[in-house]
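The next block holds one structure in the form of structure tokens; read it before the comments.
The values are calculated or read from the model by the stated rules, or taken from the named source; none is laboratory data. Just so it is clear, the structure is predicted and the values come from calculations on it, not from any experiment. With ideal geometry, Cβ positions are generated from the backbone for all residues, glycine too; neighbour counts draw on all protein chains shown. Only protein heavy atoms, including side chains, enter the accessible area calculation; ligands, DNA and RNA are left aside. Shrake-Rupley method; radii C 1.70, N 1.55, O 1.52, S 1.80 Å.
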Amino acid sequence: ELKVEQNPLFLSMQEGKNYTIYCNYSTTSDRLYWYRQDPGKSLESLFVLLSNGAVKQEGRLMASLDTKARLSTLHITAAVHDLSATYFCAVDTGNNRKLIWGLGTSLAVNP
Amino acid sequence: NAGVTQTPKFQVLKTGQSMTLQCAQDMNHEYMSWYRQDPGMGLRLIHYSVGAGITDQGEVPNGYNVSRSTTEDFPLRLLSAAPSQTSVYFCASSYSWNNSPLHFGNGTRLTVT
């Protein structure tokens, strides 16, 4: 059974600091997605990573995928309050049309 | 574009009642799905569809039915509501199953008493 583990689950950081969220998964996959969810809101797609070594950047967020290590990272550079949200990774097993989701990382960026 | 539209936004049901959550998308997406989101459990797939007339079960299908008679619509039916179905429900669609991110509706918060 595919498992997707995110860590940390909760993260409180200061504005201006850097940090990395990790997404580990337990079976072979070369397709991984990152989503953002603001409190009480819907989910918004951030990144689509479709191959080993894929790196995508948008503003202060950068995501990467290492399929050999079964690991994706979401790096936050010089955090700002607007990045406060919950971040989810989701993995496509490739065997069926289903994504398996991590539990999410709740990020709070404090002044 | 409206994107993915879910109705209602909030609903309270009594145990044993049935209801239909509506989902419509105007992006001509092939793939549509229903998730439930519960605290501490992340998102779990209930049912999905890869095109009109085709549906399949996800991780937690029991107690729910779906149909896909048109590309645009993918309603979720609760047959006999139970308190365990209290959750936030999201409909999501994508252009194709692989390579495309999901577009989510705004969610339906359902409480079953």
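Quick one: putting +1 on the C-beta of Lys and Arg, -1 on the C-beta of Asp and Glu, what dipole do you get for chain A around its Cα centre, in Debye to the nearest 20? Mind showing how you got there, number by number?
Working: 11 positive and 10 negative charges, 38 e Å.
The calculated dipole for chain A is roughly 180 debye.
³J(HN,Hα) across the stretch A:67-80 via Karplus (A = 6.51, B = -1.76, C = 1.60, θ = phi - 60°), whole Hz, x for Gly/Pro?
Per residue, the Karplus-derived 3J(HN,Hα) values read 6, 5, 7, 6, 9, 10, 10, 10, 9, 10, 10, 6, 4, 10 Hz.
Could you work out the mean projected area of the convex hull around the alpha carbons of the protein assembly as shown, in square nanometres to one decimal?
Working: hull surface 48.2 nm².
About 12.0 nm², averaged over all directions.
Out of the total accessible area of chain A (probe 1.4 Å, heavy atoms of protein only), what percent is carbon and sulfur?
Accessible surface attributable to carbon and sulfur in chain A totals 46 percent.
As an exercise, take the mean of 1/r over every pair of distinct alpha carbons in chain A, invert it, and state the Kirkwood radius in angstroms.
13.9
Using a 1.4 Å probe on protein heavy atoms only, how many Å² of accessible area do B and A hide from each other, summed over both chains and rounded to 100?
On the way: alone 6030 and 6470 Å², together 10760 Å².
Summing both sides, the interface buries roughly 1700 Å².
Where the only charges are on Cβ atoms (+1 Lys, Arg; -1 Asp, Glu), what is the dipole of the protein assembly as shown about its Cα centre, to the nearest 20 debye?
320
For the peptides A:62-73, A:46-57, what is the packing order when you average, over each peptide's residues, the other Cβ atoms within 10 Å and list the highest mean first?
Per-residue mean Cβ counts within 10 Å order the peptides as A:62-73, A:46-57.
Once the dipole of the stretch A:12-111 is set up with Lys and Arg at +1 and Asp and Glu at -1 on Cβ about the Cα centre, which of A:75, A:33, A:93 lies farthest towards its positive end?
Value: A:93.
Using a Förster distance of 30 Å, how high is the FRET efficiency between residue A:78 and residue B:99, based on the Cβ-Cβ distance and rounded to 0.05? All intermediate terms of the calculation are to be shown ahead of the outcome.
Values: r = 31 Å, r/R0 = 1.03.
With a Förster radius of 30 Å, E is 0.45.
Note down the magnitude of the dipole of the stretch B:1-109 about its Cα centre, charges +1 on Lys and Arg C-beta and -1 on Asp and Glu C-beta and zero elsewhere, to the nearest 20 debye. Don't jump to the answer; show the numbers that get you there.
Values: 7 positive and 7 negative charges, 82 e Å.
Roughly 400 debye for the stretch B:1-109.
Pop a pseudo-label 7 angstrom from the Cα along the beta-carbon direction at both residue B:30 and residue A:38 and give the gap in nm to one decimal.
3.3
What are the principal axis extents of the Cα atoms in the stretch B:1-40, in Å, biggest first?
Computed over the Cα atoms, the extents are 36, 25, 16 Å.
According to a simple spin-label model (label point 7 Å from Cα along Cα-to-Cβ), what is the distance in nm between residue B:44 and residue A:22?
Taking the two extended label points, one gets 2.7 nm.
For labels at residue B:62 and residue B:12 in the simple 7 Å Cα→Cβ model, what's the distance in nm?
Going from the residue B:62 label point to the residue B:12 one covers 2.8 nm.
For the stretch B:18-86 and the stretch A:56-93, what is the separation of their Cα centres, given in Å?
27
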